[in-house]
Amino acid sequence: MPAAIIRAERVEKYYAQPSENRIQVISPTDLSIVPGEIVALLGPSGSGKSTLLRMLTGLSAPSAGQVYWHEKPIASADANVSIVFQSFALFPWLTVLENVEAPLKARGMEPAERRRRSIKILDTVGLDGFQAAYPKELSGGMRQRVGFARALVVEPEVLFMDEPFSALDVLTAENLRSELLELWQKKTIPTQAIFIVTHNIEEAVLLADRIVVLGRNPGHIRTDFKVSLPHPRDRKATAFTQLVDYIYKVLTQPDAKPPALPTTPTGKPVRDQRQMHYQMLPHARPGGIAGLLELVLDHHGKDDIYRLADDLAFEIDDLLPIVDAAQLLGFLTVNEGDAAITSTGTEYANGEILRQKELFRTAAVENVLLLRQIVRAVEAKSDKSVPEDFFHDMLDEQFSEEETLRQLETAISWGRYAELFDFDASRRRFIQPEKLVHETDVEHTSRTEGEIDA
């Protein structure tokens with residue numbers, strides 16, 4: 001294997017807490033980027049993909065470990081990298097040519113040379129004739145071409161891309177992927193390696209020579225393998241679909257050992273053994289869970305998650321939280337990328353509204369520790385009321401502040417739907433549902449009247 005351009009050695013990212021605990025975003029991780037490879041980084045939302053990219057580029061320092069640029073610490077090296085962002089990140093007051101010239105101007109290059117290089121790269125990415133246009137005059141695809149040109153004009157040794165096609169329509173994204181691959185294969189650009197963060201599994205298999213899949217809580221490498229398929233790659237080929245299915249299995253079975261790879265991996269998957277006190281609640285609404293179960297039931301009770309996402313025109317990051325939620329509640333089982341509805345899930349999908357709530361309530365209490373604790377705490381208090389901060393303080397020992405708030409938001413949504421508890425937003429307190437309060441009052445009144453009659 002050629003010497004690494006960038007090498008991460010036991011890099012971590014964590015944030016200290018007022019207590020002795022800390023929130024770990026990335027667990028100790030080793031990763032190398034070598035010449036001649038397109039590396040794709042996949043992972044569910046919250047797994048730290050962008051955080052890892054920023055550490056590899058030197059934009060963010062690791063909390064522990066070290067990133068090396070040609071075996072020199074990247075903080076003190078002259079790292080020649082560029083980044084293409086999802087949001088285009090163009091200066092709206094500059095023309096296309098001026099946007100592309102901007103990084104060369106920042107490096108102090110003479111006007112004539114930077115203009116020559118900028119015009120040349122604009123021609124390479126198919127934007128000749130648009131030098132005087134402003135970003136607002138361009139389509140999304142053309143704005144992203146400007147982003148590519150601006151990143152490539154500095155002739156980076158490693159080109160990083162963070163979800164570069166996700167803001168584009170399907171046809172435009174497909175066209176740009178093909179053009180990028182053509183530039184890479186024909187060596188039209190001087191870049192030695194490309195590192196792309198994506199949530200699109202097919203995109204990774206179409207482009208990458210090597211795929212790294214992250215798990216979360218904290219982020220860690222679950223599998224890292226070479227893609228040996230020749231270009232151009234056929235989406236319908238058996239080997240292609242096998243790799244897509246393999247990655248789906250890794251993503252949809254976060255607590256299981258990664259399944260056997262259809263091709264030989266280049267390294268052993270890294271698995272974090274830290275035990276989590278709370279499950280991470282998938283951020284899915286009960287209505288979305290019900291809709292997914294109905295769809296699976298219509299497909300004879302079982303379907304491939306890949307086909308489900310395709311039928312719904314969902315990206316995998318949009319569908320996986322709903323699948324995870326249904327699986328957590330015991331309404332679905334997921335095995336080797338196939339989602340199968342359980343008997344409880346079938347009853348839920350076919351049930352009337354009140355029966356659905358009853359089934360959801362039972363499943364939530366049985367399977368979700370946080371919801372179970374909230375219910376018990378509310379029931380135990382004499383005033384049937386518990387402050388939100390009580391659970392916030394417990395959750396933020398395990399999750400970031402942003403994720404803690406999202407966990408509480410999801411717990412409130414599920415608890416209200418299932419009538420496990422209500423939430424007083426003005427006082428930020430969990431309270432007993434109105435129905436249960438009323439039933440308790442009626443029971444107390446009846447018992448008191450009986451005592452008086454006696």
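Anything in segment 154-172 that is more than 21 Å from Glu37 (Cα to Cα) and aliphatic (A, V, I, L, M)? List them, or say none. Within segment 154-172, Ala167, Leu168, Val170, Leu171 qualify.
Results for (1) among the hydroxyl-bearing types (Ser, Thr, Tyr); (2) on the phi > 0 side of the Ramachandran plot, shown as yes or no for each residue.
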{"residue": "Ala4", "(1), (2)": "no, no"}
{"residue": "Ser32", "(1), (2)": "yes, no"}
{"residue": "Leu42", "(1), (2)": "no, no"}
{"residue": "Gly58", "(1), (2)": "no, yes"}
{"residue": "Pro62", "(1), (2)": "no, no"}
{"residue": "Lys72", "(1), (2)": "no, no"}
{"residue": "Ser87", "(1), (2)": "yes, no"}
{"residue": "Leu90", "(1), (2)": "no, no"}
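When Arg216, Arg177, Arg210 are screened for being out of contact with any helix residue (DSSP H, G or I) (no Cβ under 8 Å at 6 or more places or on another chain), within 23 Å of Pro35 (Cβ to Cβ), of a type in the set (Lys, Arg) and buried (at least 17 other Cβ atoms within 10 Å of the Cβ), only Arg210 passes. Could we say that Asn99 is touching a residue at least 40 places away in the same chain (Cβ under 8 Å) and closer than 27 Å to Glu402 by Cα here? No, not satisfied.
Restricting the first member to segment 221-248 and to residues that are closer than 18 Å to Asn200 by Cβ, and the second to residues that are aromatic (Phe, Trp, Tyr), the beta-carbon pairs closer than 8 Å and six or more apart or on different chains are Leu229/Phe240; Arg233/Phe240; Asp234/Phe240; Val244/Tyr306; Asp245/Tyr306; Tyr248/Tyr306.
Tell me, yes or no, whether segment 157-165 has at least one residue that is at pLDDT below 90 and touching a Pro at 6+ places or on another chain (Cβ under 6 Å). Scanning segment 157-165, I find no residue that is at pLDDT below 90 and touching a Pro at 6+ places or on another chain (Cβ under 6 Å), so the answer is no. Taking the criterion of being over 22 Å from the mean Cα position of the chain (by Cα) and either crowded, with 17+ Cβ neighbours inside 10 Å or at pLDDT below 85 (or both), the residues of segment 1-32 that qualify are Met1, Pro2, Ala4, Ile5, Ile6, Arg7, Ala16, Gln17, Pro18, Ser19, Glu20, Asn21. What do you reckon, is Asp78 acidic (Asp, Glu), over 13 Å from Phe160 (Cα atoms) and not in a strand (DSSP E or B)? The answer is yes for Asp78.
Residues checked against (1) closer than 24 Å to Val244 by Cα; (2) assigned to a strand (DSSP E or B):
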position: Ser27; (1), (2): no, yes
position: Leu31; (1), (2): yes, yes
position: Gly36; (1), (2): yes, no
position: Leu41; (1), (2): yes, yes
position: Ser45; (1), (2): yes, no
position: Thr51; (1), (2): no, no
position: Met55; (1), (2): no, no
position: Leu59; (1), (2): no, no
position: Tyr68; (1), (2): no, yes
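Within segment 268-292, can you find the residues that are farther than 20 Å from Glu403 by Cα and modelled with pLDDT of 85 or more? Across segment 268-292, the qualifying residues are Gly287, Gly288, Ile289, Ala290, Gly291, Leu292. For segment 274-323, filtered to residues that are in contact with a helix residue (DSSP H, G or I) (Cβ under 6 Å, 6 or more places away or on another chain) and not in a helix (DSSP H, G or I), the residue that is nearest to Gln356 (Cα to Cα) is Ala284. If you go through segment 38-48 and keep only what is modelled with pLDDT of 90 or more and out of contact with any helix residue (DSSP H, G or I) (no Cβ under 7 Å at 6 or more places or on another chain), you end up with just Val39. Is at least one residue of segment 348-356 over 30 Å from Glu202 (Cα atoms), surrounded by fewer than 17 Cβ atoms within 10 Å (Cβ to Cβ) and either charged (D, E, K, R) or in contact with a strand residue (DSSP E or B) (Cβ under 8 Å, 6 or more places away or on another chain) (or both)? There is at least one residue in segment 348-356 that is over 30 Å from Glu202 (Cα atoms), surrounded by fewer than 17 Cβ atoms within 10 Å (Cβ to Cβ) and either charged (D, E, K, R) or in contact with a strand residue (DSSP E or B) (Cβ under 8 Å, 6 or more places away or on another chain) (or both). Residues being outside any helix (DSSP H, G or I) and either polar (S, T, N, Q) or at pLDDT 90 or above (or both) are represented in segment 397-415 by at least one member. Within segment 93-107, the residues that satisfy the criterion of being modelled with pLDDT of 90 or more and in a loop (DSSP other than H, G, I, E, B) are Trp93, Leu94, Thr95. Restricting segment 186-245 to residues that are of a type in the set (Ser, Thr, Tyr) and more than 14 Å from the chain's Cα centre (by Cα), the residue that is nearest to Asp123 (Cα to Cα) is Thr188. When Pro156, Pro111, Pro103, Pro164 are checked against the criterion of being surrounded by fewer than 19 Cβ atoms within 10 Å (Cβ to Cβ) and under 30 Å from Arg7 (Cβ atoms), a single residue qualifies: Pro103. In the condition set (1) under 28 Å from Leu354 (Cα atoms); (2) in contact with a strand residue (DSSP E or B) (Cβ under 8 Å, 6 or more places away or on another chain); (3) part of a loop (DSSP other than H, G, I, E, B), Leu420 is compliant with all but (2).
The values are calculated or read from the model by the stated rules, or taken from the named source; none is laboratory data. Predicted model, so just to flag it, every value in this text is computed and none were measured. Cβ: placed from backbone, ideal geometry, glycine included. Neighbour counts: every protein chain shown.
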